[in-house]
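The values are calculated or read from the model by the stated rules, or taken from the named source; none is laboratory data. Nothing here was measured: the structure is a model prediction, and the numbers come from that model. With ideal geometry, Cβ positions are generated from the backbone for all residues, glycine too; neighbour counts draw on all protein chains shown. Please note that ligands, DNA and RNA were not included when accessible areas were found on the heavy atoms of the full protein model with its side chains. Shrake-Rupley method; radii C 1.70, N 1.55, O 1.52, S 1.80 Å.
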Amino acid sequence: MSEPEAPPGKHGVEEDEKKQERRARYVRMGLSYLIATMISLWLVQVLVMTPADRGTTIPYSEFKTKLADHQLVKVSIGANSITGEMKNPKAGATPQTLPFSTVAAPSPGGDPQLADELQAANVTYQFEPPPSAFSTIFFQYILPLVVIAGFWFLVIGRMGRGGGRGLSAVFGVGKSKAIEVKPEDITVTYQNDVGGADEAIAELQEIIQFLKTPEQFAQLGGHIPKGVLLVGPPGTGKTLIAKATAGEAHVPFFETSGSEFVEMFVGVGAARVRDMFEQARKAAPAIVFIDEIDAIGQARGGALRLGNNEEREQTLNQLLAEIDGFKTDASAPVIIMAATNRPEVLDPALLRAGRFDRQIAIGNPDVIGREQILRIHSRHIKLAEEFDMDQAARMTAGFSGADLANAMNEAALFAARRKAEAVALTDFEAAIERVIAGSEKKSRVMNEQERRRVAYHESGHALVAALVPHGEPVSKISIVPHSRGALGYTLQLPLEDRYLLTLDELKDRIAVMLGGRAAEVVEFAMISTGASDDIMKATELARRMVTEFGMSERLGAVRYAGQQMQYLGKTVEDDSQISTETRQVIEAEIQRLVTEQYDRAQALLKDHSAALETLARQLLQHETVSGSVVKQALESGQSEPLLPAVQAQATM
Ligand code: ADP
Ligand code: ZN
Ligand code: MG
């Protein structure tokens, strides 16, 4: 079941902020280069081209007055300026003469009488030779060029092929920004700090074993994954779990974020990647953790993006080279962990075997997980005697671990504000509202009616899947809201890879897709917006059956799908060859296919309404149940006692 339309999540906002920050960084860097160039040009001017002491600068009129008053002692006339010494106006003071300078009268024309006047006033004067052609050219043209070229060289040095270090290394830009956390400084452990992530933790045990006793694995010749990718919505504890893994294995933890590798200059990121792995290898056994890897790991060669595509590609290539380059060898084991909440944008090369081939999905916790997390975060909070943790967990379906930590903290603040002795459930309730409001609907708590509807909807999918002859087995059903619009989901695991699908199998699929909507009708006699995603998928499948697979008797084995064309970067279908009449038939056939299966799903669920009831009730109680519960619900019709909930992690 899904939301009709995903609200603009917090995620997008964060993303924009990040982009803006990055852009600002580029501007700052560009500016600092410009300023550095200007300053050095100015320094050259000042240091090289200025005579030692030019004294006070006086207006030309004063110069002439002093000349007439016989105040000048010595004068040197240059092309642009006149310098010299004049008598100190304070008679008797030392020094007796003061240096001065003034701007010469502009030539040609200038002040033709000046020489005569100086002669008449009996002043020692001389003309400065014009600057030699060489020094003019040197100072005015060559030197600035050298300075500018120098800076370009610096920049290009960083661009060096494959992240060459060039001069950049001298300035430390190619240094990894990863923070090394020593094992003794890691205080987080699975046991004490991570709740509701048992499946992820179980999968990570193998990694910990390997880091602890690599020899054992080497002896057996087993293949250890080099990279582990933690996938899940924000705030579900990916960073926390990665750190705790290092804590459990007692190895150093190199923590960095993908965005730290994305710099303005091509090659910097790649140099940083190399540096980080060098450090990690020295510290091996170690865990390298790259948070938000999507910043560098986005698919290459995608749509044209302005700016530093090349930089990201080089960084990514370097990362791939590093991952491929080191053997997970027993003497110096390094495990790379990475986290992302957008696995779909990652470059497929990253996910290939031998790289991040181990993916661990971390979802929002279910009711049991939430209770564990709340207990963890209330350890240092004084709770009222009657504070019902189970109740608190039930109120927060859809909250991530971070939301729960936040809510517990807010509850303590609420209690403090009303000067209470201990935190009561009412404080927690108030805190929930604040967290929901604060996270802009990122987390949602459904009201009881909505939960019921979602439970029946998902039960409908699951039961139809179990009842149709070709339904794929249901492995898990959940009504834990998902951060990306899904209010619940039914997970079906195919038994085997399928390459061909028969008409019957496809029809069954459509029936399963519409099972959610059918269940809503059967139970509530009222439909909702929750089926839009299912309807879209069912329609799309039916369309392909009619227009691509030739499965409509009325239309026969003829292809009616339009030619796919690229237009302005989008894929559009050109179906201009299909006549209006045919189009109407296609639409009628699609509608017939879909409607038949919808009616069939409804009929199946009406026949098994007791099972539907049972399954939905189980879901409401446990939020996540395994596929076996579906079977039991069908067998008994009224299955009591209830099965324990399954600890589950959501898949995306
Ligand atoms: P992510 O990296 O997935 O965005 P974090 O690991 O940064 O999430 O989680 C942020 C904080 O939320 C953690 O520091 C912790 O306090 C809390 N938290 C998140 N998930 C859990 C969890 N499963 N158990 C306990 N605390 C959690
Ligand atoms: Zn659905
Ligand atoms: Mg994180």
Seminar exercise, completed: One finds, for residue 394 and residue 539 with R0 = 41 angstrom and r their Cβ-Cβ distance, a FRET efficiency to the nearest 0.05 of 0.65
Problem set entry | Exposure rank, largest accessible area first [226, 419, 631, 507; 1.4 Å] | 419, 631, 507, 226
For this session: Report, for region 58-130, the % of DSSP beta bridges that are antiparallel, rounded to 5.
Result: 75 percent
Exercise. Using 1/(1 + (r/R0)^6) with R0 = 45 angstrom and r between the beta carbons of residue 635 and residue 216, what's the FRET efficiency to the nearest 0.05?
Worked result: 0.50
For this session: Compute the length gained on full extension between residue 416 and residue 503: take 0.36 nm times their separation in residues and subtract their Cα-Cα distance, giving the result in nm to one decimal.
Result: 24.9 nm
Seminar exercise, completed: Once residue 189 and residue 384 are pulled to full extension, the length gained, defined as 0.36 nm per residue separation minus their Cα-Cα distance, is 67.5 nm
For this session: Extending each Cα 7 Å along its Cβ direction at residue 209 and residue 345, get the distance between those two points in nm, one decimal.
Result: 3.7 nm
Exercise. What are the extents of the Cα atoms of region 58-130 along their three principal axes, listed from largest to smallest and rounded to whole Å?
Worked result: 40, 21, 20
For this session: Report the full-extension gain for the segment residue 575 to residue 592: residue separation times 0.36 nm, less the Cα-Cα distance, to one decimal in nm.
Result: 4.0 nm
For this session: Would you mind checking the pairs 476/631; 182/226; 64/87; 212/243; 243/476; 606/631 and listing those with alpha carbons more than 19 angstrom apart?
Result: 182/226; 243/476
Seminar exercise, completed: Along region 135-150, Karplus-curve 3J(HN,Hα) (6.51, -1.76, 1.60; θ = phi - 60°) to the nearest Hz, with x for Gly and Pro, reads 5, 4, 5, 4, 6, 8, 10, 6, 4, x, 4, 4, 5, 5, 4, x
Exercise. In region 179-361, what % of DSSP beta bridges are antiparallel (nearest 5)?
Worked result: 15 percent
Problem set entry | Ranked order, 400, 40 - accessible area, probe 1.4 Å, largest first | 40, 400
